[in-house]
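Structure, as structure tokens:
The numbers here are math on the coordinates, done by the rules we state, and not lab data. What you see is a predicted model; the values in this text were computed from it and never measured. Backbone-built Cβ (ideal geometry, glycine too); neighbour counts: all protein chains shown.
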């Protein structure tokens with residue numbers, strides 16, 4: 001059974017269509033990702049799933065209930081990690097856990113027991129009596145995650161869970177999220193980090209301008225929208241690159257200001273062919289295709305704000 | 001009741017049992033935050049007290065007796081005290097609006113609450129209840145002072161406390177509703193602009209008969225006048241049917257403020 005089932009899900013703000021009739025299904029125990037540049041409609045979609053934003057059109061069923069009419073009952077079973085930390089700055093770490101549990105109407109003794117366990121889970125036990133203001137960005141994020149788990153949610157919604165965190169903090173968050181997934185919690189997350197999507201998501205959709213541009217597992221998306229390997233060629237800065245001799249070498253060739261990308265099935269044989277043709281770039285790098293290649297191919301390289 | 005009211009009651013009543021916990025949690029959050037910041041709220045209590053000491057007792061010693069609600073003569077400080085009690089009940093609601101503005105705009109407290117089963121009307125109820133509690137706390141303190149100074153004359157004064165609750169509810173609800181319209185801290189000045197003239201001219205310091213005919217009508221409709229008149233009747237006597245009218249005024253004021261606050265929170269945050 002699908003835990004989340006959206007059909008022709010649409011969100012409009014005046015004349016602007018943020019989400020343009022998307023169909024999404026998320027199954028029990030899955031880690032599902034919305035991937036896309038800024039303004040693609042990821043956060044609007046997440047807010048609708050979180051039942052804090054009414055749909056403009058379409059239907060949305062969550063946990064076999066209707067998002068339009070059963071908001072409070074659905075929210076009681078969701079955990080939400082919003083994009084910006086919305087921790088209560090006037091309270092301590094422990095009090096943040098406590099009051100959030102009370103918002104859900106969870107009995108006092110249960111809130112107390114779960115708070116201690118969850119603070120331990122996100123490694124914040126020794127900061128329990130600190131004011132939230134004094135925490136680092138990574139600690140705030142971990143606290144937000146711990147807080148979202150106080151109601152023992154069946155679905156955890158994470159809007160850009162590691163944006164703005166340093167690499168150490170990101171890895172800690174990933175590792176905790178992975179453990180939650182192992183415990184059977186369904187994860188729905190948005191991200192514009194490809195490595196995050198590859199690390200965490202079983203399945204994802206790439207969103208672009210309110211629509212779904214592609215859907216599948218990270219591996220399937222790479223297979224469908226990119227080649228197995230990519231050869232990156234760098235030439236000297238002043239050298240005028242002539243793409244002519246490169247013709248027929250790759251399935252797709254892309255010229256960027258600082259390098260040329262060759263999308264090929266076998267990188268090593270492409271490099272051998274290069275030298276046979278007498279092309280000598282300053283440097284050559286053979287790497288596997290990543291989700292980033294798919295992403296940039298599907299959503300373009302133009303900067304979005 | 002009209003059909004609309006029936007529908008409203010049918011929709012709200014079944015949800016009240018669940019609402020109690022949600023509203024309680026909203027109030028609990030405010031009490032927890034107030035634990036660290038209890039000095040600021042004290043000003044709302046001291047302001048009317050200082051007026052009582054300086055104007056009521058200080059200036060009052062130069063003024064003779066003046067007519068009370070029933071036309072009988074009362075001392076000036078006896079006359080002023082009920083009015084200041086009304087304004088202390090008002091202050092809770094008015095001062096709390098700054099907190100509501102902060103929580104909504106900067107603290108993102110309501111965004112957090114709305115991600116849980118809590119609904120906009122629960123937040124409205126909780127915040128108004130907290131503002132009311134603040135006003136009532138001031139009123140209780142002020143009543144204590146009045147009792148100690150021997151400023152209470154009528155046995156009806158027992159009703160002054162529930163009356164102060166009603167006044168606190170009316171002002172708390174409207175203050176909270178107003179806070180949802182603020183965009184910047186500067187907008188708070190509008191509140192001051194409304195409250196200060198009301199405090200000075202709502203027959204706080206002299207009887208209504210001081211005003212000319214049409215001005216009397218203007219003063220009569222202001223909420224603080226209604227509160228002053230209600231408490232003056234209860235504390236100085238005699239109590240008439242008009243007290244019921246004043247009380248109804250605050251019930252209506254509270255109901256409108258509550259409904260408006262709930263609608264505004266929904267409109268602003270559930271987009």
* Asked: If you bin every alpha carbon distance in the range A:13-70 into 5 Å steps from zero, what whole percent lands in each bin?
  -> 4, 15, 29, 27, 17, 6, 1, 0
* Report the extension gain between residue A:109 and residue A:220 in nm, rounded to one decimal, defined as 0.36 nm multiplied by the number of residues separating them, less their alpha carbon distance. => 35.3 nm
* Asked: At residue B:212 and residue A:268, where each label point lies 7 Å from the Cα along Cα→Cβ, what is the point-to-point distance in nanometres?
  -> 10.3
* To do: Assuming R0 = 30 Å, can you tell me the calculated FRET efficiency for the pair residue B:267 and residue B:220, based on Cβ-Cβ distance, to the nearest 0.05?
  => 0.35
* Asked: Hey, what did the range A:156-305 get for relative contact order, percent, Cα under 8 Å, at least 6 apart?
  -> 23
* **the range B:115-241 - Rg and Dmax from Cα coordinates, angstrom** => 16.9, 55
* Within a Gaussian network of chain B (alpha carbon springs, distance under 10 Å), most fluctuating of B:177, B:81, B:98 -> B:98
* Structure fact -> Using the Kirkwood radius over Cα pairs of the range B:84-135, the Stokes-Einstein translational diffusion coefficient at 37 °C and 0.692 mPa s, in µm²/s and rounded to a whole number, is 282
* **Extension reserve of the residue A:27-residue A:258 stretch, reckoned as 0.36 nm per residue once the Cα distance is removed** => 78.9 nm
* Asked: Given the range A:155-258, what whole percent of its Cα pairs are spread farther than 21 Å?
  -> 54
* Give the relative contact order (percent, whole number) for chain B; include only Cα pairs under 8 Å separated by 6+ residues. => 26
* Structure fact -> Taking chain A and counting helices only, DSSP H stretches of n ≥ 4 at -39,500 (n - 2.57) each over all residues, the nearest-500 ellipticity at 222 nm comes to -9500 deg cm²/dmol
* Nearest 10 degrees, 0 to 90: what angle lies between the long axis of helix B:16-34 and the longest principal axis of chain B (Cα atoms)? -> 70
* Structure fact -> Taking Rh as the Kirkwood radius computed over alpha-carbon pairs of chain A and applying Stokes-Einstein at 37 °C with viscosity 0.692 mPa s, one gets a diffusion coefficient in µm² s⁻¹ of 153
* Asked: Rounded to the nearest 5, what % of the DSSP beta bridges within the protein assembly as shown are antiparallel ones?
  -> 70
* Asked: So what does the Cα-only Debye profile of the protein assembly as shown read at q = 0.05, 0.09 Å⁻¹, as log10 I(q)/I(0), no solvent term?
  -> -0.33, -0.80
* Over the Cα atoms of chain B, what Rg and Dmax result, in angstrom? -> 19.3, 60
* Asked: Which semi-axis lengths, in whole Å and largest first, follow from the square roots of five times the eigenvalues of the Cα gyration tensor of the range A:227-288?
  -> 17, 12, 11
